[in-house]
Amino acid sequence: MYQDFENIYGNLIEYIKQLGAEREIFKTKLIRTLILVGILVVVLIAIFLLYKDSYVEKMQELEIILAIVGVAFAIAFIVSIFHVGKSAQKYNKIFKTVILPNLLFNIDKNLTYTPKNGLSKEVYDQSGLAINYNQYSSEDYISGYIADNALLEMSEINAEEIQTNEKGQPVVVNSFNGILAVATLKKSVNNNIKIVKNSFWKGKREANIRIASIQFEKYFDMYADNKVNAMQIFTTDVIEEIIGFVQEMKIHLEISIIDNKFYIAFKTGQMYEGGITQNTKELLSKYYVVTYFMISLIKRINKAIEDAEL
Amino acid sequence: MIILGIVLVILIIYVIVTYNNFVFLIKSSEQARSTIDVYLKQRFDLIPNLVECVKGYQDYEQDLLEKIVKLRQQYDDKHDIESATKLNDEYNKIMMLIEDYPEIKAGEQFMHLQKTLSKIESQLQAARRIYNGDVTKYNTKLNIVPSNIVGMMFGYKPKELFQIEENEAKNIKLDL
């Protein structure tokens with residue numbers, strides 16, 4: 001799998017160089033802006049100290065200096081938007097319109113990427129993996145018919161809950177930020193299966209499946225209405241692939257299968273972003289592994305369904 | 001005195017919770033075991049059909065049939081892992097026998113049978129994993145402190161895993 005990534009990365013090297021050039025421009029502009037702000041702050045404080053009236057008390061003096069720093073940063077912010085921001089936008093544009101679609105195309109030729117679209121709130125609710133939330137946003141929509149005509153749709157999701165603290169002030173609590181994918185399976189398995197984060201308090205105890213794997217039990221709890229059917233789908237190979245992914249990538253995931261829909265949620269945080277300050281190869285490698293794993297898992301599950309003649 | 005009382009209450013609660021856990025795991029593993037029995041029965045019920053398929057291709061069909069009928073009877077009486085394993089071994093021998101005869105494999109009767117068998121095998125394997133998962137959890141509880149103390153108090157014994165061999169290609173020498 002990683003060999004494939006190296007090849008893909010090699011094919012994208014020209015675009016990545018272009019990206020690197022944009023990053024350098026961004027860095028230069030950022031440094032210039034910071035120097036400008038520094039000079040501005042020093043000059044303004046110097047002017048203030050030279051011409052201050054004697055009636056300005058020590059406390060007021062400090063407040064005025066802080067105000068000067070604040071103003072300087074506000075100016076820097078405005079300058080950044082027009083000056084540095086443009087560069088960052090150009091960087092992101094190259095990343096999202098050239099590099100990412102190319103990476104996805106190399107993983108599966110049928111995948112298409114629409115940065116501004118996302119999965120609907122209804123899909124998130126139907127997954128059975130949604131936790132309390134009252135604010136929802138989604139972007140970076142990827143879709144396509146992967147092998148065996150299984151339609152795969154995925155996007156980044158940010159679900160938050162606005163709570164009220166003891167003082168009556170609103171507090172934003174993040175309930176999920178990561179990738180949600182939904183795939184249509186070959187056929188309905190007439191079951192309701194869930195693989196969720198391991199918890200001391202078990203949900204439906206009768207539906208809980210204890211897998212003879214310490215590693216699996218360390219990360220997950222598994223529930224199913226029909227246990228035998230669930231184990232036919234989640235064969236030893238599939239379970240091992242899931243454990244391997246979690247151990248290597250340190251990304252937690254949750255899975256549900258409801259009739260003919262397969263849902264998988266990765267707690268990745270922001271995904272499919274350029275990350276101008278981050279290492280491009282590491283980022284692309286992460287996006288590649290997550291996407292590849294997801295597709296591979298769906299294919300394996302479809303095969304398990306076929307083999308077991310469910 | 002109050003502290004002693006609190007400790008005692010905590011201990012009693014722990015014993016009750018652990019005991020319930022043991023009972024739940026035993027029930028769950030028994031349920032899983034009976035699911036295995038259902039699939040084993042379905043699988044073994046197909047043995048006469050299998051023997052029918054190999055008839056005429058080997059000289060000792062009568063012996064094989066008699067042996068299988070005997071083992072089947074043993075399994076029906078005992079329903080334990082040992083008798084299931086013995087019967088399963090004979091079953092695998094028939095399957096290996098068929099491997100050597102492409103003409104049997106190509107037959108419509110066998111193809112239909114094989115389809116049914118592979119479905120049952122998949123279910124059997126899944127049921128076996130569920131049972132072994134329950135038993136592993138139960139045995140672990142019996143081995144770790146302090147739940148093993150509760151286990152000993154109620155006389156619980158470790159359970160055997162279900163390690164019946166699946167029908168896979170093995171190099172078995174058959175006298176044909």
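Going through (1) over 20 Å from the mean Cα position of the chain (by Cα); (2) surrounded by 12 or more Cβ atoms within 10 Å (Cβ to Cβ); (3) closer than 26 Å to A:Glu206 by Cβ one by one, B:Asp134 falls short only on (1). Among the criteria (1) closer than 30 Å to B:Met152 by Cβ; (2) within 14 Å of chain A (Cβ to nearest Cβ), the one B:Ile12 does not fulfil is (2). Kindly establish whether B:Lys105 is part of a helix (DSSP H, G or I) and more than 22 Å from A:Lys227 (Cβ to Cβ). Answer is yes for this residue. The listed residues are B:Phe110, B:Phe44, and the only one of them that is closer than 30 Å to A:Ala230 by Cα, in contact with a Cys (Cβ under 9 Å, 6 or more places away or on another chain) and either touching a residue at least 40 places away in the same chain (Cβ under 8 Å) or open to solvent by less than 80 Å² (accessible area, probe 1.4 Å) (or both) turns out to be B:Phe110.
Take B:Leu174 and decide whether it is modelled with pLDDT of 65 or more and either open to solvent by 70 Å² or more (accessible area, probe 1.4 Å) or not hydroxyl-bearing (Ser, Thr, Tyr) (or both). So B:Leu174 does not fit the description; no.
Scanning segment B:137-155 for residues that are open to solvent by less than 50 Å² (accessible area, probe 1.4 Å) and either among the β-branched types (Val, Ile, Thr) or within 21 Å of the chain's Cα centre (by Cα) (or both) turns up B:Tyr138, B:Asn139, B:Val150. With respect to the conditions (1) open to solvent by less than 10 Å² (accessible area, probe 1.4 Å); (2) in a loop (DSSP other than H, G, I, E, B); (3) not polar (S, T, N, Q), A:Ile211 falls short on a single one, namely (1).
Annotation note: of B:Ser118, B:Ser122, B:Ser83, the sole residue that is within 30 Å of A:Phe234 (Cα to Cα), open to solvent by less than 70 Å² (accessible area, probe 1.4 Å) and more than 14 Å from every other protein chain (Cβ to nearest Cβ) is B:Ser83. Summed over segment A:192-209, residues that are farther than 20 Å from B:Val38 by Cα and within 13 Å of chain B (Cβ to nearest Cβ) total 7. The listed residues are B:Gln109, B:Gln74, and the only one of them that is under 16 Å from the mean Cα position of the chain (by Cα) and at negative phi turns out to be B:Gln74.
Number of residues in segment A:261-302 that are open to solvent by 20 Å² or more (accessible area, probe 1.4 Å), touching a residue at least 12 places away in the same chain (Cβ under 8 Å) and either more than 28 Å from A:Asn174 (Cβ to Cβ) or assigned to a helix (DSSP H, G or I) (or both): the value is 7. All of A:Thr28, A:Thr33, A:Thr97, A:Thr114 fail the test of being outside the structural domain of A:Tyr292 (by TED's automatic domain parsing) and closer than 24 Å to A:Asn158 by Cα, apart from A:Thr97.
Checking each residue in segment A:234-251 for being surrounded by 16 or more Cβ atoms within 10 Å (Cβ to Cβ) and in a loop (DSSP other than H, G, I, E, B) picks out A:Phe234, A:Thr235, A:Ile251.
The values are calculated or read from the model by the stated rules, or taken from the named source; none is laboratory data. These numbers were taken from a predicted model, which means no experiment stands behind them. We place every Cβ from the backbone using ideal geometry, glycine too, and count neighbours over all the protein chains shown. The protein model used for the area step is the full one, side chains on, heavy atoms only, and it has no ligands, DNA or RNA in it. Shrake-Rupley method; radii C 1.70, N 1.55, O 1.52, S 1.80 Å.
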